[in-house]
Amino acid sequence: MAGSRGSCGESGTLAAGSTGAANQRSAGGVLERTCEVLQFFGKKALQKSLNDAQVGGLEKVYEIGRIFRNEGISTRHNPEFTTIEMYEAYSDYESMMNLAEEIVTRCAMATTGKLKIDYQGTEISLERPWRRETMHRLVEEATGVDFNSFGDVESAKNAAKGLLGFKTESSENTSLQACSSVGHVLNEVKGFENSHILQQEHAVTVFETVVESTLVQPTFVLDYPVEISPLAKPHRRYAGLTERFELFVCGREIGNAFSELTDPIDQRSRFENQIKQHNAKRAAMDKVKLDESKGDDEYSYEVSLDEDFLTSLEYGMPPASGMGLGIDRLVMLLTNSASIRDVIAFPVLKLQQ
């Protein structure tokens, strides 16, 4: 992948890796020389460089760029997509909710001239304030099950298995059994097949399966479990939860935000736990023989500690909040586009057989 460090327009956002010696040879094999090659990798998020800027003293920072996620192709998702990430010192996720409302409503007024818009035959009201509800409460409303009431992870697993209809011998149930906490059971059930979202095996959640499609009008889903929010600050009032929200419109996620975790000791501990959980699920999934046509890349890679990020926190990062908004999905909403491919100039397409 060629390019320069940072934002490269529509070519993507690249991060530099380590250098190494490489031999270069002409087509005829006459000229050969050794040079230092700088490797580049597609970013999965823009957060790290922006957090580094805040550590360096910049209180309000943002970046618009293309990022890359190996999560399949659908009408709602493209592996390479455009996002804006923003961070503000001395603020929290409440500030980001207000900012999200402000950004989206201003964009709507600039493009459509109104705050009640039509999306694929459904009227969407963007008038403020938008609904704010906790993740646990929304799941309880949809299923009648209060995951806060479970005293042990096994009871939560049994409840989730019943809700989602997993068979004992299935790969979905294998991943469910590998969940190490009630928070993971609530939000990380692997392998439920949902053909209208992705035509391959896909990691979905209890929340995604039973709640997301009901969130048609703008809704902030608040206070995610700490186990699935490794970068978010612990909730100031409720143990086991974080100050994090996701914004949903028309049954799809538009944004993700949280009060930033700035404690380097807590952050290191969470990263270490995340690695252990990843390796446990990876081992569990290795025991299941999956259909090769579906693939299963979710746990196929190795993960390691981001020492550079932890070092930057040790220097000292101010209390802050951050948010990422999906520009492509926002444009879909405001232009009444049914597919994300309609708003991306050069989308990734499925291979034709």
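The values are calculated or read from the model by the stated rules, or taken from the named source; none is laboratory data. Because the structure is predicted, anything quoted here is derived from the model rather than measured. Glycine gets a Cβ as well: all are built from the backbone with ideal geometry, and neighbour counts include every protein chain shown. Please note that ligands, DNA and RNA were not included when accessible areas were found on the heavy atoms of the full protein model with its side chains. Shrake-Rupley method; radii C 1.70, N 1.55, O 1.52, S 1.80 Å.
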Query raised in the report: What ranking do 118-126, 258-266, 317-325 get when scored by the average of other Cβ atoms within 10 Å per residue, highest first?
Result: 317-325, 258-266, 118-126
Query raised in the report: To the nearest 10 square angstrom, how much accessible area does residue 59 have with a 1.4 angstrom probe?
Result: 100
Query raised in the report: Using the beta-carbon distance between residue 69 and residue 263 and R0 = 41 Å, what value does 1/(1 + (r/R0)^6) give for FRET efficiency, to the nearest 0.05?
Result: 0.90
Query raised in the report: How many percent of the accessible area of region 242-291 is carbon or sulfur, using a 1.4 Å probe?
Result: 48
Query raised in the report: Considering only Cα-Cα distances, which of the following residue pairs are longer than 31 Å: 116/233; 157/276; 60/114; 48/161; 48/281; 60/281?
Result: 116/233; 48/161; 60/281
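If 214, 105, 209 are ordered by their accessible area, calculated over protein heavy atoms with a 1.4 Å probe, which sequence runs from highest to lowest? Intermediate values should be presented prior to the final figure.
Values: 214 90, 105 15, 209 45 Å².
Ranked from most to least accessible, the order is 214, 209, 105.
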**Report entry** Label zone at residue 59, where the point sits 7 Å out along the Cα-to-Cβ direction: region 319-342 residues whose backbone N lies under 14 Å
**Finding:** 319-321
Requested in this report: Starting from region 52-118, pick out the trypsin sites (Lys or Arg not before Pro) whose DSSP state is loop and whose Cβ has at most 14 other Cβ atoms within 10 Å.
Outcome: 69, 114
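Taking square-rooted eigenvalues a ≥ b ≥ c of the alpha carbon gyration tensor, is region 61-107 rounded, prolate or oblate, where a/c under 1.5 means rounded and, failing that, a/b exceeding b/c means prolate? Don't skip to the end; give the middle numbers.
Values: a/c = 2.55, a/b = 1.89, b/c = 1.35.
Taking the square roots of the gyration eigenvalues as a ≥ b ≥ c, region 61-107 is prolate.
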Query - region 67-115 versus region 117-168: alpha-carbon centroid distance in Å - result: 22
